[in-house]
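Here's the structure, in structure tokens; my notes come after.
The values are calculated or read from the model by the stated rules, or taken from the named source; none is laboratory data. Note that this is a predicted model, so its numbers are computed, not measured. For neighbour counting, all protein chains shown are included, and Cβ atoms are generated from backbone atoms with ideal geometry for every residue, glycine included.
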């Protein structure tokens, strides 16, 4: 049990402080940027998600990753009272077996000591442990507050491109249930989701809008560093889409339609090729996630998650090996599993049922658009806007990466969240184009003066 009466007393004080701070930020910016009317609402939903994770893991799951992160951070932090030198050594990244002997019943023991990425996350949380006065709930609230910044930037980016779809983007980015829940607690996913938001926003600001600020490069670097240190496959999914986004943005300025259609396949191939080249050069740094090892790892992880100790909570996309051709043969099943599963009949508990309901809506909207836009029209419209193309490409690359390496629903519902805001936002934009194409006057009145950029 990591919750105590101290959490109940301290958490409301921090919530009030964050609420008034958020209200101040909103009132300061709302005149110049009316989109800030969503700021405080999104923030409080994010904090609600953080508290929900604490309560669900404490009373429903009775433990799990989020409590383990807390226990690991607590143990490392408590070293400062026992041996200051050893605290700085461990906090600096030395999680050797020799250093483990410094932990005892007074410091507590780091649960994730053998998991380098989990220990990295726990080290990031050390300042929050002290700022929260050791409170589990307050740590979760503070992390959610900090990481909300990346989500908010992503929301601002989509609204800059499509300003009349703000309600839709509020749903897809700020309020979608699975993202609120799994992207708000003391989990890797909270940090990586925010990093994706910061990366996307500053890539757009620097390379697309050409606002050449050094701070944007710093944010891109920090976001990329966090993704590599915690979940490198997210960066794998971002890079091809980023380079194609940049190429497509330049191509969209070309007046000749013939030249556009001729050059588009070349730029797509160039983007994928440059991404693979860059990742191959990072092999030593990426370790197990190096491009020549990651496919072997995907096969191993997929097989592991099918074992009986996962309580029959697994699914199967079929047998495959680590060869490129074998994996590509399962690409459609892997992508569909990530975007649309668990289905309603897969749900075996309340948490999974909520995810299944959300997936059903996403699947039905996707099917509606594919049918009404006649499949080829669906993908043709995607290519008309660089941000839309990036969002769909990232979603598909990411969905493949997760679906091919995951066969357990418990992992899937959490791992998939970075692509959900991008994918659902893309569906909302495509729905607008469908309304435009069919001349739906009621819908077009709602979307009047949409700032779409060809």
Those helices (runs of 4 or more DSSP H) lying entirely in the range 367-417 with at least 3 residues under 15 Å from residue 317 (Cβ atoms): 386-405, 409-415
Boolean, residue 425 is more than 21 Å from residue 169 (Cα to Cα) and in contact (Cβ under 8 Å) with a residue 12 or more places away in the chain: no
Only listed residue being more than 22 Å from residue 190 (Cβ to Cβ), out of contact with any strand residue (DSSP E or B) (no Cβ under 6 Å at 6 or more places or on another chain) and without any contact (Cβ under 8 Å) to a residue 60 or more places away in the chain, chosen from 390, 400, 378: 378
Residue list for the range 114-127, filter: surrounded by fewer than 21 Cβ atoms within 10 Å (Cβ to Cβ) and touching a helix residue (DSSP H, G or I) at 6+ places or on another chain (Cβ under 6 Å): 117, 120, 123, 126
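Okay, residues lined up against (1) surrounded by 15 or more Cβ atoms within 10 Å (Cβ to Cβ); (2) part of a helix (DSSP H, G or I); (3) at pLDDT below 90; (4) out of contact with any strand residue (DSSP E or B) (no Cβ under 6 Å at 6 or more places or on another chain):
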| site | (1), (2), (3), (4) |
| --- | --- |
| 325 | no, yes, yes, yes |
| 328 | no, yes, yes, yes |
| 334 | yes, yes, yes, yes |
| 339 | yes, yes, no, yes |
| 345 | no, yes, yes, yes |
| 352 | yes, yes, yes, yes |
| 358 | yes, yes, no, yes |
| 363 | yes, yes, no, yes |
Counted residues, the range 80-127 - those being in a helix (DSSP H, G or I) and more than 27 Å from residue 51 (Cα to Cα): 14
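Quick one: which of 111, 53 is over 16 Å from residue 143 (Cα atoms) and touching a helix residue (DSSP H, G or I) at 6+ places or on another chain (Cβ under 6 Å)?
When all the criteria are applied, what remains is 111.
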Only listed residue being out of contact with any strand residue (DSSP E or B) (no Cβ under 7 Å at 6 or more places or on another chain), under 30 Å from residue 80 (Cβ atoms) and modelled with pLDDT of 95 or more, chosen from 151, 222: 222
